[in-house]
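Beneath this line is the structure, given in structure tokens, with notes to follow.
What follows draws every value from the coordinates through simple rules; no lab data is involved. Keep in mind it's a predicted model, so treat the numbers as computed, not measured. Cβ sites come from the backbone with ideal geometry, for glycine too, and all protein chains shown count toward neighbours.
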Amino acid sequence: MLSCTGDLSRNRSVGLRLGRGERLADILASMNEVAEGVRNTRSVRDLARSVSVEMPITEQMYLLLYENKEPKRAVVDLMTRNPRHEVD
């Protein structure tokens with residue numbers, strides 16, 4: 001919970017700065033610590049795809065972090081996707 005709400009959270013800091021329009025490369029270059037969520041996003045997305053598990057939040061974060069998707073567009077795409085059962 002602290003990673004989502006704490007002012008000292010590196011991951012939260014990255015997210016807030018991305019939301020303000022800063023580029024990921026610039027954010028990471030200015031940090032002295034590691035925001036592990038950035039690398040984990042790629043790993044989790046790749047693993048999910050390899051076992052055919054849909055992870056829409058992770059997918060949108062991957063697009064935002066690694067393919068320069070606009071944050072607002074990622075939120076809109078996530079929130080307007082077709083609903084489906086979580087378990088088939």
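Sort out which residues of the range 7-66 are surrounded by 14 or more Cβ atoms within 10 Å (Cβ to Cβ), over 29 Å from Pro83 (Cα atoms) and not aliphatic (A, V, I, L, M), and write them in order of number.
Correct list: Ser9, Arg10, Ser13, Arg17.
Quick one: count up the residues across the range 16-45 that are in a helix (DSSP H, G or I), out of contact with any helix residue (DSSP H, G or I) (no Cβ under 8 Å at 6 or more places or on another chain), closer than 23 Å to Lys72 by Cα and of a type outside the set (A, V, I, L, M).
Result for the range 16-45: 3.
Report the residue count in the range 31-74 for those that are over 14 Å from the mean Cα position of the chain (by Cα) and closer than 20 Å to Arg10 by Cβ. Outline the logic, then answer.
To start, the set of residues in the range 31-74 that are over 14 Å from the mean Cα position of the chain (by Cα) comprises 31-34, 47-54.
Now restrict to residues that are closer than 20 Å to Arg10 by Cβ: 31-34.
Qualifying residue count, the range 31-74: 4.
Which residue pairs have Cβ atoms under 9 Å apart, sit 6 or more places apart or on different chains, and have a first residue in the range 50-72 that is under 13 Å from Gly21 (Cβ atoms) and a second that is of a type in the set (A, V, I, L, M, F, W, C) and surrounded by 14 or more Cβ atoms within 10 Å (Cβ to Cβ)?
Leu64/Leu18; Leu64/Leu24; Leu64/Ala74; Asn68/Leu24; Lys69/Leu63; Glu70/Leu64; Pro71/Leu18; Pro71/Leu64
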